[in-house]
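Just below is one structure, and these are the notes that go with it.
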Amino acid sequence: MPEEDAIAVLEHVSVRYGSVAALDDVSLEIARGEILGVVGESGAGKSTLLNLLDAATHPTGGRVRIHGADPARMGGGEIRRLRRRIGMVFQSFNLLANRTVRQNVALPLKLQRAQDPALVAELLDYVGLADRAAHYPAQLSGGQQQRVAIARALVTRPGLILADEPTSSLDTRATEDVLELLASTRRDFGTTVVLVTHELDSVAAIADRAAVLEAGALRSVFPVARSAARGERDSYLAHAQRVLGA
Ligand SMILES: Nc1ncnc2c1ncn2[C@@H]1O[C@H](COP(=O)(O)OP(=O)(O)OP(=O)(O)O)[C@@H](O)[C@H]1O
């Protein structure tokens, strides 16, 4: 793919911690506007890959380019500006407990000494939580908290969202809601999404391609098959029957 079509490029990237190769000679291009699922067992290197894409870690070998630039060559100010163009979504939501939903969503703007109440309201509406703006995170379900976190990630209008096990602490229905929302951010905002998860079902539900990591090596990147059921919401009974093989 021409480099301008890629939102992030890894070329022969390695990350070593002493004798441990968290990532070993990984080359990967993430296309603008794609949903890439990154899967692998515990310790495979998924978090390390996300940390590289968030410019929080630099490679010990090879080269990373994000939004066309190499974070390893940037100073602190440039890295902060780059990271504003990247939204993070975490397994544990990472909302501030003592701030309202509205304040949580506005926080990334506040950190830039900016504000945009209309955008905050629009995003809360987008994630279906306009009526919860004045609530605190503890008053929301896990799925609702994750939707707030996605609104917060979108408030700086990032081109790239990095989602680290975003549905691993949610039940089936909330998982479907959050996955649907991540897929719709690509559709409505053109956002590229990197979805790191150990749940293959989640990747099957929304990803265009899957990248499989094993012991720090990128074993394969391949298109995700579209099943006939994809996109349709299972009833709880249908889901239980599918998983349990009834
Ligand atoms: N800061 C660090 N110092 C030393 N070793 C590290 C560090 N970070 C990661 N590692 C090692 O690198 C390897 C990859 O870790 P990583 O956290 O990227 O895996 P992961 O696929 O995200 O695992 P999990 O699903 O359990 O979060 C592991 O062997 C881990 O122990």
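Just so you know, all these numbers are worked out from the coordinates, no wet-lab data involved. Every value quoted in this text rests on a predicted model; they were computed, and no experiment measured them. Here the Cβ positions follow ideal geometry from the backbone for every residue, glycine too, while neighbour counts run over all protein chains shown.
To the nearest 500 deg cm²/dmol, what mean residue ellipticity at 222 nm is calculated for the chain from DSSP H runs of n ≥ 4 alone, each contributing -39,500 (n - 2.57), summed and divided by the residues?
Result for the chain: -10000 deg cm²/dmol, rounded to the nearest 500.
Which whole-number percent gives the relative contact order of segment 88-146, counting Cα pairs below 8 Å spaced six or more residues apart?
Averaging sequence separation for qualifying contacts and normalising by length gives 47 percent for segment 88-146.
Among DSSP bridges having both ends in the chain, what percentage is antiparallel? Round to the nearest 5.
Restricted to the chain, the bridges split so that about 55 percent are antiparallel.
Would you work out the relative contact order for the chain, in percent, from Cα pairs under 8 angstrom that are 6 or more residues apart?
Relative contact order of the chain: 26 percent.
Using a ≥ b ≥ c from the Cα gyration tensor of segment 84-137 (square roots of the eigenvalues), is it rounded, prolate or oblate, where a/c under 1.5 gives rounded and otherwise the larger of a/b and b/c decides, a/b for prolate?
rounded
Could you check the simple spin-label distance between Leu107 and Leu237, using points 7 Å along Cα→Cβ, in nm with one decimal?
Calculated label separation equals 4.2 nm.
What order do you get for Phe189, Phe222, Phe93 when you list them from fewest to most C-beta neighbours inside 10 Å?
Arranged by neighbour count, lowest to highest, Phe189, Phe222, Phe93 become Phe222, Phe189, Phe93.
For Cα pairs less than 8 Å apart in space and 6+ apart in sequence, what is the mean separation divided by the residue count of segment 1-85, i.e. the relative contact order in percent?
33 percent
Rounded to the nearest 0.05, what FRET efficiency is calculated for Arg187 and Ser19 with R0 set to 35 Å and r the Cβ-Cβ distance?
0.20
Using only Cα positions of the chain, each an equal point scatterer, no hydration layer, compute I(q)/I(0) via Debye at q = 0.08, 0.10, 0.12 Å⁻¹ and quote the log10 values to two decimals.
The computed values of log10 I(q)/I(0) come out as -0.31, -0.49, -0.70.
Treating only the Cβ of Lys, Arg, Asp and Glu as charged (+1, +1, -1, -1), what charge dipole size does segment 93-201 show about its Cα centre? Round to the nearest 20 debye.
My answer is approximately 580 debye.
May I ask you to work out the translational diffusion coefficient for segment 132-219 at 37 °C, viscosity 0.692 mPa s, via Stokes-Einstein with Rh from the Kirkwood sum over Cα pairs, reported in whole µm²/s?
236 µm²/s
If you stretched the chain out fully between Ser141 and Thr60, how much longer would it get, using 0.36 nm times the residue separation minus the C-alpha to C-alpha distance?
25.1 nm
Of Ile206, Thr175, Ser141, which is farthest on the positive side of the dipole of segment 110-246, counting Cα position, with +1 on Lys and Arg Cβ, -1 on Asp and Glu Cβ, and the Cα centre as origin?
Ile206
Tell me the volume per residue, in Å³, of the convex hull enclosing the alpha carbons of segment 95-170.
90 Å³
As an exercise, use a Förster radius of 41 Å and the Cβ-Cβ distance of Gln115 and Ile79 to find the FRET efficiency, rounded to the nearest 0.05.
According to the calculation, E is roughly 0.95.
Projected area of segment 25-116, taken from the Cα convex hull and averaged over every viewing direction, in nm²?
Computing the convex hull of the Cα atoms and averaging its projections yields 7.9 nm².
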